[in-house]
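Remarks on the structure that follows.
The values are calculated or read from the model by the stated rules, or taken from the named source; none is laboratory data. Nothing here was measured: the structure is a model prediction, and the numbers come from that model. All Cβ positions, glycine included, derive from the backbone under ideal geometry; neighbour counts span all protein chains shown. When the accessible area is computed, the model is the full protein with side chains, heavy atoms only, and any ligands, DNA or RNA have been set aside. Shrake-Rupley method; radii C 1.70, N 1.55, O 1.52, S 1.80 Å.
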Amino acid sequence: MTISGKTWLVLNQASGSYDEEREALLLEGLERAGRKPDRIVDCSSDHLPDAATLDNAGVGFLVVHGGDGTLNSAIGRLDGWAGTVLALPGGTANLLCKMLYGEAEIDAILDALAAEQLSPTRRPCVKGKGWLALAEVLAGPGANWADVREEMREGNIVKVVAGAFDAASASTVGPMVALETPELGRPEGY
């Protein structure tokens, strides 16, 4: 895989799986691969870069360490960018990274990068108004429960209780979710 331009690393220091040891592992592995980051963007406090920002900075390689939400948000901003993204697992489920690398850990993925054993791929995705899903779409009550989980991470007990009540209500009497175009699944929804 031939990569030109600067390297930026996006990570989420607010993630439950973040720690300084993991960041050091990322930096060491990227340096071994000859891709020491020119800039580190912490998406919990900095804005995620868009295509124009990366182009203007001469970035050709964006490494994103995070969960599926972070990966979707970061990659969703890159329409029109001609660079390469390396997704690294750093969340709870890591569905996209499991699709790309199986159960490989970060150090194995970075070793494969250093050995030039990775090749670029285009992923099928689902795109909606203002969002991108690279691995799955979470809709209906499941999305409500995901919001509750995020509030738990932030330690906001009032929002956790209120969100749990709303999610439980949506789970029992809320509207059903169905995919109409193309028609898939059960007609009555889920």
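Let me know the Rg and Dmax you get for the stretch 9-54 when you use only its Cα atoms, in Å.
In Å, with Rg to one decimal and Dmax whole: 11.4, 32.
So if I restrict to the alpha-carbon atoms in the stretch 1-100, what is the Rg, and what is Dmax, the biggest pairwise distance, in Å?
12.6, 34
For the chain, set up a GNM with springs between Cα atoms under 10 Å and report which of Asp107, Asp166, Asp68 has the largest fluctuation.
Of Asp107, Asp166, Asp68, the most mobile in the Gaussian network model is Asp166.
Could you please state how large a percent of the accessible area of the chain is carbon and sulfur, counting protein chains only and using a 1.4 Å probe?
Looking at the chain in its full context, I get 52 percent from C and S.
Per residue, how much accessible area does the stretch 5-118 have with a 1.4 Å probe, in Å²? Before the final figure, lay out the partial values.
Details: 5420 Å² over 114 residues.
That works out to 48 Å² per residue.
By what distance, in whole Å, do the Cα atoms of the stretch 90-190 stretch along each of the three principal axes, largest value first?
53, 40, 24
Calculate the FRET efficiency for Glu180 and Arg22 from the Cβ-Cβ distance with a Förster distance of 45 Å, rounded to the nearest 0.05.
Result of the calculation: an efficiency of 0.60.
Kirkwood hydrodynamic radius, computed over distinct alpha-carbon pairs, for the stretch 138-188: how many Å, to one decimal? Each step should come with its number before you reach the end.
Values: mean 1/r = 0.0837 Å⁻¹.
Evaluated on the stretch 138-188, it is 11.9 Å.
As an exercise, take the mean of 1/r over every pair of distinct alpha carbons in the stretch 66-112, invert it, and state the Kirkwood radius in angstroms.
The Cα-based Kirkwood calculation yields 11.3 Å.
Suppose every K and R has +1 on its Cβ and every D and E has -1 on its Cβ; what is the size of the dipole of the chain about the Cα centre, in Debye to the nearest 20? Could the numbers behind the result be given before it?
Values: 16 positive and 27 negative charges, 91 e Å.
For the chain, the charge dipole is close to 440 debye.
With only alpha-carbon atoms in the gyration tensor, what are the semi-axes of the equivalent ellipsoid for the chain, in Å, largest first? Each step should come with its number before you reach the end.
Details: eigenvalues 209, 79, 48 Å².
Whole-Å semi-axes of the equivalent ellipsoid: 32, 20, 15.
Along the Cα→Cβ direction, 7 angstrom out, place labels at Ala143 and Ala51. What is the inter-label distance in nm?
It works out to 2.5 nm between the two label points.
Tell me, how many Å apart are the Cα centres for the stretch 66-90 and for the stretch 28-61?
11
How large is log10 I(q)/I(0) at q = 0.13 Å⁻¹ when the Debye formula is applied to the Cα atoms of the stretch 78-141, each weighted equally and without solvent?
Scattering profile of the stretch 78-141, log10 relative to I(0): -0.44.
Multiply the residue separation of Ser44 and Phe165 by 0.36 nm, subtract the distance between their alpha-carbon atoms, and state the gained length in nm to one decimal.
40.9 nm
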